[in-house]
Amino acid sequence: MPPGKLNTTKRFAVRLSLVTGSTLATIVGAQSLASLNKLPAATSDPVLPAAVDLQTQAMGTAVPIQIVGDDGQRVSIPASPAAIPVHAAPVITILRHPGQAGAGSQSGQAQTYVPSNVGIKPPDPVQLAAPAPVIVQAPGETIYVPAAAPAPAPVPQPSTRSSRR
Amino acid sequence: MTRQYVTAFYAMGSQFNVWLETSADGEAILQQVPAWVEKVEAQLSRFRPESELIRLNARSGRWVEVSDILLQAVTKARHAAQLTGGLYNPLILPALLAAGYTRSFVEMPAGDMRIPDLPPVTVPHWQSIEVRPRQRAIRLPASAQIDLGGTGKGWTAAQIADRLRAYGPCLVDAGGDLVARGKPQDQAGWVIDVAEPGQAEGIPPVASVVVTDTAIATSGIDYRRWVANGKPQHHLIDPRTGQPAVTDVLSATVIHPDAALAEGYTKALILLGRDAGLDWILRQPQRAALIVCTDGAVLATSDFQSHMTALSTV
């Protein structure tokens, strides 16, 4: 990608920061976008910075925002707090109850664990991690490379555990 | 042709396992890894009389010029202390020694050890570790001593994985703390079991997860434990008390992009206990964690479960 151009991820991140931030964050976002405005004149891709239209107002007042997408379409982002995406608070899942034997549940059937007298603060949406991709299958033949003796046998399956020999 | 290679060796008091997928000479590459780890261990081990860590500890209270390895390792440990609010604190060595952990764990005697009956050790604040990166210098508070066992293996695994990544996807297991770079061919990630704590081999795992380009670390009070003066001890010192942590968490597993920080987070979870630990981890930017409690319960955050959920779709 040529230097100075924005990829889809950066454009999305810029939009999200504007929508979910306060007026101050919006100003900061505007400043960030202004710095991103410095693009080569002869560019064929419609990009955000030149087309963002912000109205800075007093602190605490929601700011209407217009974003230009990749196709040149202008999109108005409502300034209402109701438009700010709300992510559910993360839950703790009980995989195994006290006294139960065997492995924890892999099926994801969640029984939500609620700690006593503890308030869990919902995370900021931008801090949520993306889910891991789907795995396919185990690797094929693995070639064992012996280390200098005395060398243990490699574990057949990678595993994490409190360190031991 | 790309092939997967694996090697295993003992280092840092643990078994290392290293997987590498490469079309290069995987055997020749992996045969170098023990020497890479030895170079780190020679600098960072508190069980090597000639190590740089020992020399640093002997000069506490003074500025000491150190190697890049020790500088980076201490800087990372300090960062882990900062992010855990000091729950992980590398200045615990005197407390570890007072508890009886005076030698490599494999050399610890079985049965009840007799150790001097000392008063609880006050662990200095982590912020008293001073680092001057430009001068490559470190100053420990006077009479303080540092131990990097809490983050050292994860940090080492990351160094090795970053070197191997040039040859292909790899997975470095440093005694149960793993770092993944890339993913195996035609797969979405490395499949890693979370071992049932305190159990021999062959016991089904507590859970299995899929990871790529991240680290997963586990700490626990299930293995490195002993009896001294008739009292049970273990190696996870609570800096707030200078004593082995009193906790209802048997082991904690964390997935985090930074291996040393993953290790630090596991210590924080154990020290805080079940409820406070889960509350704490859910307030962090990285919050993928699983704990096994002393009553056998297993709890996982939703972020950790997302790594498990991916596995169940196979």
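Points worth noting:
- Amide H contacts under 5 Å for B:ALA288: B:ILE255, restricted to partners 5 or more places along the chain or on a different chain, H placed in the peptide plane at 1.01 Å from N.
- Segment A:ILE143-A:THR112, length gained on full extension (0.36 nm per residue, minus Cα span): 6.9 nm
- For B:218-229, mean number of other protein chain Cβ atoms within 10 Å: 2
- 15 Å beta-carbon shell around B:PRO133, net charge (K/R +1, D/E -1): +3
- Candidate aspartates and glutamates - alpha carbon under 16 Å from B:LYS153, same-chain residues fewer than 8 apart omitted: B:GLU38, B:GLU41, B:ASP162, B:ASP173, B:ASP177, B:ASP258, B:GLU263
- Evaluating 6.51 cos²θ - 1.76 cosθ + 1.60 at θ = phi - 60° for every residue in region B:82-87, the Karplus couplings come out as 4, 6, 9, x, x, 5 Hz, glycine and proline recorded as x.
- Theoretical ellipticity at 222 nm over chain B - DSSP helices of four or more residues, -39500 (n - 2.57) apiece, nearest 500: -9000 deg cm²/dmol
- Built amide H within the under 5 Å cut-off of B:GLN145, gap 5+: B:LEU93
- Take each residue in B:287-296, count the other chain C-beta atoms within 10 Å of its C-beta, and the mean is 3.
- Three-way shape call for region B:83-126 based on the alpha-carbon gyration tensor, with the a/c threshold at 1.5: oblate
- For B:THR7, the shell of other residues with beta-carbons less than 11 Å away shows a net charge of -2, using +1 for Lys and Arg and -1 for Asp and Glu.
- Global form of chain B, assessed from the alpha-carbon gyration tensor, a/c cut-off 1.5: oblate
- The residues neighbouring B:LYS153, those whose beta-carbon lies less than 9 Å from its own, together hold a net charge of -2 under the Lys/Arg +1, Asp/Glu -1 convention.
- Net length gained if the chain between B:ALA58 and B:LYS231 were fully extended (0.36 nm per residue, minus Cα distance): 59.3 nm
- Overall form of region B:249-290 per C-alpha gyration tensor (a/c, 1.5; a/b vs b/c): oblate
- Compared with the alpha-carbon gap, the fully stretched path from B:SER143 to B:ASP112 is longer by 8.3 nm at 0.36 nm per residue.
- Residues listed by number, region A:142-160, amide nitrogen under 16 Å from B:THR2 label point at 7 Å toward C-beta: A:142-143
Values in this text are rule-based calculations from the coordinates and carry no lab data. These numbers were taken from a predicted model, which means no experiment stands behind them. In this analysis, Cβ positions are derived from the backbone assuming ideal geometry, glycine residues included, and neighbour counts consider all displayed protein chains.
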